Structures are given as structure tokens and as C-alpha cells.
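The values are calculated or read from the model by the stated rules, or taken from the named source; none is laboratory data. Source: prediction; values computed, not measured. Virtual Cβ from ideal backbone geometry, glycine too; neighbours counted across all protein chains shown. What goes into the accessible areas is simple: the full protein's heavy atoms, side chains included, and nothing from ligands, DNA or RNA. Shrake-Rupley method; radii C 1.70, N 1.55, O 1.52, S 1.80 Å.
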Amino acid sequence: MEIFDTFFNLPVLIRTFPLLLSGLWITLQIGVVSILAGLVAGLGLALVRLYAAGWLRFLARLYIDVMRSIPLLVLLIIIYYALPFVGIRLSPFLSAVAALSLVSAAYTAEIFRAGIEAIPRGQFEASEALGLGVRHKMVDVILPQAIRIVIPPLTNNCINVMKDTALASVVAMPDLLKQATQAQALSANPSPLIGAALIYLAILWPLVAAVSRLERRYGKDR
Amino acid sequence: MPGYIHIRNLKKSFGSFTALHGIDLDIAEGEVVCVIGPSGSGKSTLIRCINLLEDYAADSTITVGGTPVQRGRALEKVRADVGMVFQSFNLFPHLTVLRNVMLAPMRVRHLPEAEAEQRARELLRRVGIGEQADKFPGKLSGGQQQRVAIARALAMEPKVMLFDEPTSALDPEMVGEVLDVMKSLAGTGVTMLVVTHEMGFARQVADRVIFMDGGRIVESGTPAQIFDTPQEERTRNFLGAVLNH
Ligand SMILES: Nc1ncnc2c1ncn2[C@@H]1O[C@H](COP(=O)(O)OP(=O)(O)O)[C@@H](O)[C@H]1O
Ligand SMILES: [Mg+2]
């Protein structure tokens, strides 16, 4: 079978598997760090966007809209290739993490904002009437309820960030995709690319299924 | 002498609509005051100004126990001393009944957990739902939820309790159990301001009844004065409409 020799060449796959694994490790690092940074920054941004003084709120909104409009690849290339002209030189890893977190923070902020805004006014009023300060009102009452609402869209965002890590290969980051293309060149056979695609699927498919499950469950008890 | 709750020239607008036209009201410590009046007359707005859930005009004055009710450091202190019970309960759905009652004493009064729990269980017993302590609010009936809400407010050992139509969202058969809890509270030294359509409760429990209409206090007096010999036409019309149903 010629197709198998071309796309699922087992000897090639076995030979290049360690390379793919090292790429996967980098991909996971970029993804996880970006997701966590995006979550923290996104929550802060959402709170600023909702509750800060007028001009800060405006800046948060501006940031969110800009970051949701700019193509991620363009942002990444600006960070990696343009910032050195003003003396800011980031490693490929940091460039990728920076671009991904900056954008993820904007999406995360919108998700958190929608979650917080979905909490009924009475919850805020009951907290305030009890004398709870802003911090306790948010931490003990509002956010625990908002978290339940935002878990499906946040997981979706994680999936997107994970997928977008593949863009890091354009700044010479040896991530999963980059290693796969290199292995393909070395062995003059595209099987490593197929291998990489299968690894992406193996990681992300369960997450996609989990989101569907969460959304279905969430849809039920509403 | 200014009352424990002291309200002078209270004005409140929503945009161009004036909801309160300069209310003057003094309520003594331990007094039970019921506020009645047609829907939209400003009853909720009045009591929501007392703990600043609504902002009011800058030239109006509200003090509670001598402390001005305004934005700033003192506000949380005032709110801690002023309990509120809402028409729609507003229990925290993600916390058990017990945790609902324990939260504010722990976070605001800095009560140790064990002490907060003991106080919460005692209060829940007092309002007749001791056995439901570990359930989530969603599992309780409306009447039970409202009694939890009362216990939650009482756990702060408030000087003042504000009630905004606490029985209006309840099925008729559950109104009594909530009113009973409120009755047991009257005369314990807690100052109570109760917006209600339960005229029987007002007559029996109130020291004073206030009739509001169109953002003004039209008439106020003892329950006997308001219900038996109302002086104002508007009061008579309102009572006529309410009591004949
Ligand atoms: N948030 C708001 N925005 C605009 N108008 C409001 C708002 N809250 C209350 N009002 C208006 O103020 C008036 C008094 O309302 P309210 O105090 O709730 O009356 P009551 O409790 O006596 O039924 C009503 O006409 C109502 O429509
Ligand atoms: Mg009302």
C-alpha cells in the first residue's frame, strides 16, 4: 500500500517519535504558561473593565477590543521581529507566550465579564447589605457562582490557545509542529506531520468532548 | 431629638423621574414601623436608601445611630448594623444554608468559624429550620428560604432590620410562618422598618404605620389611627381597595 508507506510509514514514525515528543513538551509548556497567564490577567482585566474608574475602564476596553481584532500571527511577528528595533529582544519562547497570553487575556476578560454580569443583582445587593467589602463580595459570593458559568467558554479558550501554539513554529520555536516539519525534511517522508496531527488530536479532542458535556449538563439545570 | 434612624429631606431621582420628594422620618431605637402604600409609591426606594443600596440626593441626610449613611469607610460598618430582607430572598445558592448564615459574621465581624457555626445553628433553630442547615437553599421552600434570609441578617446582630415585602413572593400558605418569625422579633430591641401588604401584621405588630403615595409620606400614626380613622382621602382609598380583597 503506497498510501501507508507515504503517510503512515511506521519505521519513519518510530525513528522521529522522540523528536515529536520533545516538540510536544515545548508545545505544552507554551500552552500551559500562556493559559495560566491569560487567566490571571483576564480576570484582572474583567474587573477593571467592570468596576474601575472611567478612564481605566476605557483603557481596558480598548485593550480587549484591539487584542481581539489583531491576527495572532501578526502580533507574534511584531513581538519577535519588530520589537528588537526598539531594544526589546524576547526569546522565541517568550515571544510566543507573550503573544498568546496577551490575546488570551482579552478573550478571557470578556468571558469573565459575561459570567459576572450573569449573576443576578440581588446577589450583589445581599452581599452589600450584609456589610461585605468588595473583596469578600467578589471572592465569596460572586466569583464562585460566575466560575460555574464560565467553565465551558474558558475551556474553549484553552483549546484555542493550545491550537494557536503551533504558530510559535514561525519564530523558530522547536514546538510540535516545527519538529514535525523538520523530521519530515530529514526523512523525506510526511509521516511525522501526520504523527503530529494525531498528537494534537489526542490532546484536544478530549477537551472538545468535555466542553460539549459541560455545556449539555449546564444547559440542563438551567 | 433625632431618631435612631434619622431621615431629613430625602430626595431620590431616577433620571428625570423623582421617586422620593423630600422624606422626613425619625424612627426610635426598638420601634417597629410598617410602611404601606400602592405599588410604585417609593417604599422600596425609601428603605434601600437607608443602607445605600440606592444613592440619594446630595442635600439629603440619613443617619443610623448617629453615623451618616454615605460612601466611605463608615458605610460597611453601617451596613453591618443594618440587616435587610428582600422580597426575592437573595440567598447565596452556592453555599449551604449554614454557610449562608455564617459568611458575614466570619468575614465582617471576624468571628471564629466554630463560634459563627454555633450562632448560625442557634438562629436557624430559632426560625424553625434547624434540620435544614446542611441543605442548599434551592432545596428549600420559599417560606423556609425567607426564614434563612432572616437568620442570615440576624447573625450580624443588627441594630436595625429592613424588610422589603418579605412575604410578597411566597405562596399564601407560607406567609404565616415568615410573619411569625418577624413577630417574634418585634419588641426584642431591634428597630424594624417593614414594607408590607400584610395589613393584619401591621395592625398587630407595628408601633407606627406610614402610608406612602407618589414618593411622599401622606400620613403616619398608630395602627388604630391609620386603619380605623385615616385622615387623608388617599389613605382611605388605598385601604378601601386593599382591605376589600
Ligand atoms: N432602578 C430604577 N430605575 C428607574 N426607576 C425606578 C428604579 N427603581 C424604582 N424606580 C421607580 O421609582 C418609583 C418607586 O419605586 P419603588 O420604590 O420600587 O416603589 P414601591 O416599592 O413602593 O413599589 C417607581 O415609579 C419605580 O418605577
Ligand atoms: Mg417595592
(Q) Rounded to the nearest percent, how much of the accessible area of segment B:27-160 (1.4 Å probe, protein heavy atoms only) is carbon and sulfur? (A) 47 percent
Q: Provide a whole-number value for the mean count of partner chain Cβ atoms within 10 Å of the Cβ atoms in peptide B:81-88.
A: 3
Q) Once B and A are treated as a pair rather than alone, how much accessible area drops out, both sides summed, in Å² to 100, probe 1.4 Å? A) 1700 Å²
Q | Pair A:Asp5, A:Leu198: separation of 7 Å Cα→Cβ label points (nm) | A | 1.9 nm
(Q) Leaving out ligands, DNA and RNA, and with a 1.4 Å probe, what % of the accessible surface on segment A:57-199 is carbon or sulfur? (A) 67 percent
(Q) Give me the residues in segment B:108-137 whose solvent-accessible area, probe 1.4 Å, is reduced by at least 30 Å² once all protein chains are included instead of the chain isolated. (A) B:Val108
Q | Translational diffusion coefficient (Stokes-Einstein; Kirkwood radius from C-alpha pairs) of segment A:2-221 at 10 °C, 1.306 mPa s, in µm²/s | A | 81 µm²/s
Q: Within a 10 angstrom radius of each residue's Cβ in B:146-156, how many Cβ atoms of other chains show up on average? Whole number is fine.
A: 1
Q) Residues with amide H under 5 Å of B:Gly128's amide H, sequence separation 5 or more or different chain, H placed in the peptide plane at 1.01 Å from N; which? A) none
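In square angstrom, what is the accessible area per residue of the protein assembly as shown with a 1.4 angstrom probe? Could you put the intermediate results ahead of the total?
Details: 22230 Å² over 467 residues.
Accessible area per residue: 48 Å².
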Q. Say the cut-off is 23 Å between C-alpha atoms; which of B:Lys77/B:Lys135; B:Lys12/B:Lys183; B:Lys135/B:Lys183; B:Lys43/B:Lys159 go over it?
A. B:Lys77/B:Lys135; B:Lys12/B:Lys183; B:Lys135/B:Lys183
Q: Sort B:82-92, B:126-136, A:55-65, A:191-201 for me by packing, meaning the mean count of neighbouring Cβ atoms within 10 Å per residue, highest on top.
A: B:82-92, A:191-201, B:126-136, A:55-65
Q) Each label point is 7 Å from the Cα along the Cα-to-Cβ direction; what then is the distance between the points at A:Leu59 and B:Phe14, in nm? A) 3.5 nm
Q. Alpha carbon centre of segment B:166-245 versus segment B:91-148: separation in Å?
A. 28 Å
Q.
Pairs of alpha-carbon atoms within less than 8 angstrom and 6+ residues apart define the contacts here; what relative contact order does chain B have, in percent?
A. 26 percent
Q | Qualifying trypsin sites (Lys or Arg not before Pro) for segment B:1-91 [loop in DSSP, other Cβ within 10 Å: at most 11] | A | B:Arg71
